[in-house]
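Notes for the one structure printed next.
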Amino acid sequence: MKPGDTRSRVYAPHITGKSVAIAFVTLGELRFWGYKRGWSKKKWEDLSARLRSVIIIPYDDAICTVYAELKAELSKSGKTVAEMIYG
């Protein structure tokens with residue numbers, strides 16, 4: 001987050017002292033926005049620096065199964081999860 005961004009205070013108690021992980025899809029989305037917005041070399045370096053402390057969760061069958069199970073459970077309870085379709 002940018003210096004002065006107040007959202008960091010909200011998230012700090014949840015991540016302090018813990019390992020932070022993002023899915024491989026999230027990494028792809030971050031890079032997509034960088035390419036789409038024509039990021040400078042500095043912004044790419046900043047992203048790389050931030051990602052050094054983050055675990056990237058790769059694709060595997062177990063993750064896809066958990067995703068499907070959770071999405072089905074949420075759907076049955078009337079909640080929806082946005083489709084991951086870009087175009």
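The set of residues in the stretch 59-69 being outside any helix (DSSP H, G or I) and among the acidic types (Asp, Glu) consists of ASP60 alone.
Figure legend. Inter-residue proximity from the stretch 1-29: first residues within 23 Å of TRP44 (Cβ to Cβ), second residues among the basic types (Lys, Arg) and surrounded by 10 or more Cβ atoms within 10 Å (Cβ to Cβ), beta-carbon distance below 6 Å, spacing 6+ or different chains. No pairs are indicated.
The residues in the stretch 36-58 that are of a type outside the set (Asp, Glu), surrounded by 10 or more Cβ atoms within 10 Å (Cβ to Cβ) and either assigned to a helix (DSSP H, G or I) or under 18 Å from the mean Cα position of the chain (by Cα) (or both) can be counted, and the count is 9. Within the stretch 1-23, the only residue that satisfies the criterion of being surrounded by 11 or more Cβ atoms within 10 Å (Cβ to Cβ) and at pLDDT 90 or above is ILE22. Close Cβ contacts (under 6 Å, 6 or more residues apart or on different chains) running from residues in the stretch 65-87 that are under 23 Å from LEU30 (Cα atoms) and surrounded by 10 or more Cβ atoms within 10 Å (Cβ to Cβ) to residues that are aliphatic (A, V, I, L, M) and modelled with pLDDT of 75 or more comprise VAL81/LEU74.
The values are calculated or read from the model by the stated rules, or taken from the named source; none is laboratory data. Given the structure is predicted, the values throughout are model-derived calculations rather than measurements. A quick note on method: Cβ atoms are made from the backbone with ideal geometry, for glycine too, and the neighbour counts reach across all protein chains shown.
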